[in-house]
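Before any comments, here is the structure.
The values are calculated or read from the model by the stated rules, or taken from the named source; none is laboratory data. This is a predicted model, so every value here is computed, not measured. We place every Cβ from the backbone using ideal geometry, glycine too, and count neighbours over all the protein chains shown.
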Amino acid sequence: MATTASTAADHSLASVTLEVTDPEAARRFYSAFGVDTLVHLRASEAHSTGFRGFTLALTVSGPATVDHFVGAAVAAGATVLKPATKSLWGYGGVVRAPDGTIWKIATSEKKDTGPATREIDEVVLLIGVEDVKATKQFYTGRGLTVAKSFGGKYAEFAPGRHSPVKLALYKRRALAKDLGVPADGTGSHRIVLGGTADTFTDPDGFAWEAAASPAPTPS
């Protein structure tokens with residue numbers, strides 16, 4: 001059974017920083033992709049192989065807009081992991097950016113009701129965890145508020161007032177399968193979550209730091 005909470009979190013995800021080998025190249029890619037306002041970039045040579053354990057998921061208005069974002073990503077150098085296609089739940093596709101970050105673009109609509117746009121309705125940072133219930137308890141203990149919870153399969157936290165990105169938990173292997181990649185991976189996640197509290201690392205190795213400022217809000 002799903003549970004919900006309508007109150008805003010005392011503590012929440014305020015920013016997302018991707019650790020990349022070449023920040024300037026990554027900046028050019030994300031600008032062309034159309035998501036440069038959603039993430040911060042930081043130079044890093046941290047070792048990382050295989051699945052990094054997360055995806056950034058964009059929800060948009062219709063299939064034409066999904067195709068627009070997938071096309072923009074590919075034109076800028078992304079690799080298609082799952083071509084955009086119809087499914088039972090809607091329409092979507094998955095791409096991997098040149099820096100290795102996996103992005104999912106989807107809509108619940110199966111038919112377009114208007115032309116493609118560059119508008120993003122919702123952004124969710126889905127992190128793959130070994131034990132959803134235990135990690136959810138860890139985060140609620142740090143002041144985050146659960147907005148949705150489906151047993152040990154999925155949990156979503158209330159977003160911060162100034163952040164365009166919502167945090168959610170999914171089982172790691174299920175997330176990898178959904179994205180079309182092997183679940184194995186070693187080394188750094190190459191992502192840092194900015195919070196409204198102190199610096200810490202969660203049970204699955206995702207690092208948090210006190211955010212100096214919230215992530216830019218999409219225009």
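A few notes on this one:
- Residues that are modelled with pLDDT under 95, in a loop (DSSP other than H, G, I, E, B) and out of contact with any Cys (no Cβ under 6 Å at 6 or more places or on another chain) are absent from region 15-32.
- Checked against (1) crowded, with 16+ Cβ neighbours inside 10 Å; (2) in contact (Cβ under 8 Å) with a residue 60 or more places away in the chain, residue 131 passes all but condition (1).
- Count of region 129-155 residues which are touching a strand residue (DSSP E or B) at 6+ places or on another chain (Cβ under 6 Å) and under 17 Å from residue 53 (Cβ atoms): 6
- Single residue of 196, 113, 145 found to be of a type outside the set (Gly, Ala, Ser) and either under 20 Å from residue 58 (Cα atoms) or at pLDDT 95 or above (or both): 113
- Scanning region 46-65 for residues that are in a helix (DSSP H, G or I) and over 19 Å from the mean Cα position of the chain (by Cα) yields 63, 64.
- Which listed residue, of 118, 161, is in contact with a Gly (Cβ under 6 Å, 6 or more places away or on another chain) and either more than 24 Å from residue 183 (Cα to Cα) or at pLDDT below 95 (or both): 118
- Residue that is surrounded by the most Cβ atoms within 10 Å (Cβ to Cβ) [pool: residues in region 137-168 that are within 17 Å of residue 194 (Cβ to Cβ) and touching a Phe, Trp or Tyr at 6+ places or on another chain (Cβ under 6 Å)]: 167
- From the options 163, 149, residue that is among the polar types (S, T, N, Q) and part of a loop (DSSP other than H, G, I, E, B): 163
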